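Shown next, in structure tokens, is the structure this report addresses.
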Amino acid sequence: MHKNRFSRVGYILAIAGSAIGLGNIWKFPYITGENGGGVFVLVFLITVFTIGMSIFIGEIILGKIAKKDAVSTFEDLAPKGKRHWRYLGFSFLTGIFIMSFYPIVIAWIFHYIYVSISSLPSSLEASEKYFLDYMQTDLLSQILYLSLAFFLIAYTISKGIKKGIEKLNNILMPALFLIFLFMLIYSFTLDGFPKAVEFMFYPDFSKFSTSSIIIAVGHAFFCLSIGMNTILTYSASISDDTNIFKAALFVVIMDVITAIVAGLIIFSIIFTGDAEPGKGAGLVFITLPSIFYNIGTVGVFLAIFFFIALAFAAITSAVSMLEPTVMYLIERRGMKRKKATYLTASISYIFGILALLSLSDEFRQYLTFSSRNLFDWFDFLTSAILMPLGGIFISIYIGFITNKDEIKKVLVAAMGEFLYKVWLFIIKFIAPILIFILMLKEIGVLNF
Ligand code: TRP
């Protein structure tokens with residue numbers, strides 16, 4: 001039991017902080033660009049509100065009922081004598097691997113706050129050259145920013161749920177929403193805005209392909225932070241008066257709105273500058289800065305605020321990636337919070353340095369395996385295999401292993417009998433089967 005619980009608002013901001021991150025602001029716009037816009041957004045939305053939200057609620061309910069770390073949760077709620085189900089709880093280790101590449105992007109964001117203040121690149125070509133040079137050759141600067149990111153993250157976690165995590169989210173999340181609101185209003189005034197709306201909402205079915213569906217579904221998972229017991233762990237500290245259905249619905253809607261608003265802002269700017277949307281991972285670090293430059297003084301301020309917002313979103317997510325492991329070490333291994341935090345963060349930090357080196361000219365050759373560098377391996381392993389696997393674990397555990405009396409009681413009270421039945425059907429059948437098929441396709445076993 002935790003004496004240390006979130007307040008009602010604190011809890012909602014914390015799970016929103018976990019869900020809203022680089023996935024929404026950095027990744028969603030560029031994969032939307034690469035996959036042709038409207039149809040991709042449609043598939044993403046459908047997945048988020050069916051499977052995604054169901055698993056999200058599943059994690060919340062397990063956390064709320066057991067009120068323990070993930071491993072103990074899966075152990076306590078298993079049938080008597082079936083303690084081995086606790087191993088499913090370990091899917092939080094995925095967080096350590098996500099934390100091996102995610103903070104590298106935070107390091108770049110920190111650097112780009114500095115670039116925005118000092119001097120933005122003046123053309124697309126200059127911008128591309130600048131970013132690639134920075135990533136491939138400036139190791140010292142990247143390592144310093146990476147260390148700063150890790151320090152901020154670890155410091156927050158070491159302060160605990162209320163004084164660390166809740167406090168951080170209470171400040172950074174409203175600030176993020178405010179910045180985005182201003183940027184959205186600004187983008188209404190841009191010539192590129194109507195085109196951005198059309199690009200994101202007009203489904204052009206000629207661009208429809210199975211691989212876009214897979215990316216959209218995978219991204220629905222990533223974007224909601226599900227499949228690795230993060231939401232479960234935060235929900236162990238939920239206050240009793242929180243309606244979990246309303247909380248989940250609110251956060252999922254905010255998550256989607258942030259992704260769409262990020263897309264609208266970025267594409268309005270991109271189309272106003274007559275640039276191409278399908279520019280991949282470099283959209284935010286290459287295309288956008290050069291257009292910010294062209295906007296002039298206002299552009300400089302936009303750039304600074306944009307990268308600050310991106311940093312806030314990413315840090316609140318990163319904090320929630322390590323907390324499940326930390327909570328496990330505290331509750332099951334008797335470690336002090338501080339020690340547990342620095343231990344966990346150090347492991348990710350070391351992997352993180354290796355992933356960073358794997359992008360550099362100097363070390364790439366030693367850190368590339370089967371034509372994928374370490375950075376891409378961490379990204380691929382977590383999103384193609386580990387997170388979906390965690391999603392399957394949760395849905396099978398709830399659907400077929402644990403006793404559902406208490407779950408049913410709480411959920412029917414929160415969302416009514418009918419929605420409960422829909423939820424259970426998705427959790428039992430739709431989610432595991434669909435995720436399994438998509439996983440086989442992703443790792444190349446199935447081809448369709
Ligand atoms: N949802 C986060 C984002 O959109 C990324 C993420 C994936 C995550 N899994 C997570 C964050 C687990 C925290 C915990 O950027």
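The values are calculated or read from the model by the stated rules, or taken from the named source; none is laboratory data. Just so it is clear, the structure is predicted and the values come from calculations on it, not from any experiment. Neighbour counts are summed over all protein chains in view; Cβ atoms, including those assigned to glycine, are modelled from backbone coordinates with ideal geometry. These area figures cover heavy atoms from the full protein model, side chains too; ligands, DNA and RNA do not enter into them. Shrake-Rupley method; radii C 1.70, N 1.55, O 1.52, S 1.80 Å.
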- If the chain between Ile396 and Leu440 were fully extended at 0.36 nm per residue, the gain over the current Cα-Cα distance would be 14.1 nm
- How many nm separate the modelled label positions at Ile350 and Ile117, each set 7 Å beyond the Cα in the direction of the Cβ? 3.4 nm
- Query: Taking N as the number of residues in segment 64-106, what is its alpha-carbon radius of gyration divided by 2.2 N^0.38 Å?
  - Reply: 1.51
- Query: Convex hull over the alpha-carbon atoms of segment 259-306: what's its volume per residue in Å³?
  - Reply: 69 Å³
- Message: Treating only the Cβ of Lys, Arg, Asp and Glu as charged (+1, +1, -1, -1), what charge dipole size does segment 267-421 show about its Cα centre? Round to the nearest 20 debye.
- Response: 760 debye
- Task: Work out, in µm²/s and without decimals, the Stokes-Einstein translational diffusion coefficient of segment 251-349 at 20 °C, 1.002 mPa s, Rh from Kirkwood over C-alpha pairs.
- Result: 132 µm²/s
- Query: Across every pair of different alpha-carbon atoms, what Kirkwood hydrodynamic radius in Å does the chain reach?
  - Reply: 22.1 Å
- Note on the structure: Once the dipole of the chain is set up from charges on Cβ (+1 Lys and Arg, -1 Asp and Glu), the residue from the list Asn294, Thr230, Ile265 lying farthest towards its positive end is Thr230
- Query: 222 nm [θ] for the chain, helices only, -39500 (n - 2.57) per DSSP H run of 4+, per residue, to 500?
  - Reply: -22000 deg cm²/dmol
- Query: Could you work out Rg/(2.2 N^0.38 Å) for segment 130-236, with Rg from alpha carbons only?
  - Reply: 1.51
- Query: Kirkwood hydrodynamic radius (Cα pairs, Å) of segment 56-179?
  - Reply: 18.1 Å
- Which of Gly192, Ser118, Trp85 sits farthest toward the positive end of the charge dipole of segment 82-207, with +1 on the Cβ of Lys and Arg and -1 on the Cβ of Asp and Glu? Trp85
- When the distances between all Cα atoms of segment 2-83 are binned every 10 Å from zero, what whole-number percent does each bin get? 14, 33, 28, 18, 6, 0
- Item | Dipole of the chain, positive end: most advanced residue of Ile153, Phe380, Ile165 [Cβ charges, Cα centre] | Ile165
- Note on the structure: Counting only backbone N atoms under 20 Å from a point 7 Å out along Cα-to-Cβ of Arg364, the residues of segment 128-168 in range are 128-143
- Item | the chain, dipole about Cα centre (Lys/Arg Cβ +1, Asp/Glu Cβ -1), debye to the nearest 20 | 2080 debye
- Item | Pairwise centroid distance, computed over Cα atoms, of segment 133-178 with segment 76-116, Å | 15 Å
- Note on the structure: Taking 261-268, 155-162, 141-148 and ranking on average Cβ neighbours within 10 Å, highest first, one gets 261-268, 155-162, 141-148
- Task: Rounded to whole Hz and in sequence order, give me ³J(HN,Hα) for segment 235-251 from the Karplus expression 6.51 cos²θ - 1.76 cosθ + 1.60, θ = phi - 60°, writing x for Gly and Pro.
- Result: 6, 5, 10, 6, 7, 5, 8, 7, 7, 6, 5, 4, 4, 4, 4, 4, 5
- Query: Out of Gly95, Gly164, Gly63, any idea which swings most in a Gaussian network model of the chain, alpha carbons joined below 10 Å?
  - Reply: Gly164
- Viscosity 1.002 mPa s, temperature 20 °C, Stokes-Einstein D of segment 318-373 from Kirkwood C-alpha radius, µm²/s: 168 µm²/s
- Query: Angle, helix 38-47 long axis vs. longest principal axis of the chain, Cα atoms, 0 to 90°, nearest 10?
  - Reply: 20 degrees
- Task: For Lys195, go through the lysines and keep the ones whose alpha-carbon is under 16 Å away, minus same-chain ones fewer than eight residues off.
- Result: none
- Query: Label points 7 Å out from Cα along the Cβ direction at Arg8 and Lys336: separation in nm?
  - Reply: 3.7 nm
- Run the 1.4 Å probe and let me know the accessible area of Val9, rounded to the nearest 10 Å². 100 Å²
- Message: What do you get for the angle between helix 210-224 and the principal long axis of the chain? Use alpha-carbon atoms, 0 to 90 degrees, nearest ten.
- Response: 70 degrees
- About the Cα centre of segment 65-202, what is the dipole size in debye to 20, counting +1 per Lys and Arg Cβ and -1 per Asp and Glu Cβ, all else neutral? 1080 debye
- Query: In 5 Å bins starting at 0, how do the alpha-carbon pair distances of segment 318-448 split up by percent?
  - Reply: 2, 9, 12, 12, 13, 16, 14, 11, 6, 3, 2, 0
- Taking the Cα-to-Cβ direction at Asp241 and at Asp405 and moving 7 Å from each Cα, how far apart do the two end points lie in nm? 2.9 nm
- Task: Give me the Debye-computed log₁₀ of I(q)/I(0) at q = 0.13, 0.26, 0.27, 0.30 Å⁻¹ for segment 116-165, equal point scatterers on Cα only, no solvent, two decimals.
- Result: -0.51, -0.95, -0.98, -1.05
- Can you pull the accessible area of Tyr328 for me, 1.4 Å probe, Å² to the nearest 10? 20 Å²
- If the chain between Arg372 and Ser209 were fully extended at 0.36 nm per residue, the gain over the current Cα-Cα distance would be 56.2 nm
- In segment 363-448, lysine pairs 8 or more places apart or on different chains with C-alpha atoms under 25 Å apart total 7
